[in-house]
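The values are calculated or read from the model by the stated rules, or taken from the named source; none is laboratory data. Being a predicted model, the structure only gives us computed values, none of them experimental. Here Cβ is always computed from backbone atoms with ideal geometry, including for glycine, and neighbour counts include all displayed protein chains. Ligands, DNA and RNA are stripped out before the accessible areas are found, and what is left, the full protein with its side chains, is counted by its heavy atoms. Shrake-Rupley method; radii C 1.70, N 1.55, O 1.52, S 1.80 Å.
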Amino acid sequence: MINKYDFILASATIFVALVWFIFNIFNTDKGNVCQIYINNSLYDTVVLQSSDGIENIIIDGEVILKYEVKNGHVDVIESECRDKLCVRQHAISRDGESIVCLPQKIVFMISSDKENEFDGFTY
Amino acid sequence: MDLHTKNKRIAYVGVFVCIALVFSYVEVLLPIDFGIPGMKLGLANIVTVIALYLFGKKWALFISILRVVLSALLFTSFFSMIYSLSGALLSLAIMSMFYNRSKLSMTGISMLGGVFHNVGQLIVACIIVKQIKLSFYGPVLILSGLITGLIIGIVSISVYKRVETYVRL
């Protein structure tokens, strides 16, 4: 059923996945901002440290999605889509992580705006 | 190709597509959840793999496309169809390239298919939402593709060995 070439394939694949994973860990950090895109256009930007609470996304007067910000994490808790995959996805907090609701074309994307931080300025 | 064989083939393709649809439906019912977009068991790929070895790549492609389109119309939505179709097509393309040309067993081909199924879906997801950062999920999707491919492969070989002598054209 399984021969040694399968093992070689599996080992090579695991190796590639591990390398990619380590690369990701070193390249990302806890993000501090969550951008919400609807239909590929930016709808809202949520600053993670200071926006704890439950928020609604309202389109045409209807609440189509509910999300919660807590402890620097964003989690989708309710959605009007048919398969509710977005609700089941786990809470995100790292730069690059995302929650996607494909039917409603809503994307939550964590990013960090490190480039905008400055330590001080003088006149 | 005589008419008898043609009819036999049409009948088999019909049965295979139905079985694949049932697998798709059952998979939605199972309370197994991984919490990451695109991760699923892919039970219907059992049919795809077996069809590949029994009937060849052209028919496996036909059965696969039929299954994806029908199950999207019946059970999910147009959006997830694009998503599924891309995974299924890429996975089948890779499997067809190697299934009779390499020393991998059916399980190995299925693992390859599983990995590329997830990779294909990830690529299309990145394109649709225009965010390369989704590739954060690359490693875990590759690993889960490998593991589900392994399970699907073992089941496929078991079924294939028993059906091989009967499903002959």
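A few points about this structure:
- The calculated P(r) of the stretch B:1-91, using every Cα pair and 5 Å bins from 0, goes 2, 13, 24, 25, 17, 9, 5, 2, 1, 0, 0 in percent.
- Relative to the longest principal axis of the Cα atoms of chain B, the long axis of helix B:106-129 lies at roughly 40 degrees.
- For chain B, the relative contact order is 24 percent, taking Cα pairs closer than 8 Å that sit 6 or more residues apart in sequence and dividing their mean separation by the residue count.
- For the stretch A:21-78, pairs of C-alpha atoms spaced more than 12 angstrom apart make up 72 percent of the total.
- Over the protein assembly as shown, the hull volume per residue, using the convex hull of the C-alpha atoms, is 155 Å³.
- Modelled FRET efficiency - R0 45 Å, residue A:66 with residue B:166, Cβ distances, 0.05 increments: 0.25
- Degrees separating the helix B:3-29 axis from the principal Cα axis of chain B, which is the longest one: 30
- Across peptide A:86-97, the mean count of Cβ atoms from other chains lying within 10 Å of each residue's own Cβ comes to 3.
- Using the Karplus relation 6.51 cos²θ - 1.76 cosθ + 1.60 with θ = phi - 60°, the per-residue 3J(HN,Hα) values for the stretch B:151-163 come to 4, 4, x, 5, 5, 4, 4, 4, 5, 4, 4, 7, 9 Hz, with x marking Gly and Pro.
- Ligands, DNA and RNA aside, residue B:96 has an accessible area near 20 Å² when probed at 1.4 Å.
- Phi-based couplings in Hz for the stretch B:70-82 (Karplus 6.51, -1.76, 1.60; Gly and Pro marked x): 5, 5, 5, 5, 7, 10, 10, 9, 4, 5, 6, 5, 4
- Largest accessible area first, the residues B:9, B:67, A:94 order themselves as A:94, B:9, B:67 under a 1.4 Å probe with ligands, DNA and RNA left out.
- Extension reserve of the residue B:81-residue B:93 stretch, reckoned as 0.36 nm per residue once the Cα distance is removed: 2.6 nm
- For a 4.7 Å threshold on C-beta separation, the list of partnerless cysteines in the protein assembly as shown reads A:34, A:81, B:18, B:126.
- As an equivalent ellipsoid, chain B spans semi-axes of 27, 18, 15 angstrom, where each value is the square root of five times an eigenvalue of the C-alpha gyration tensor, largest first.
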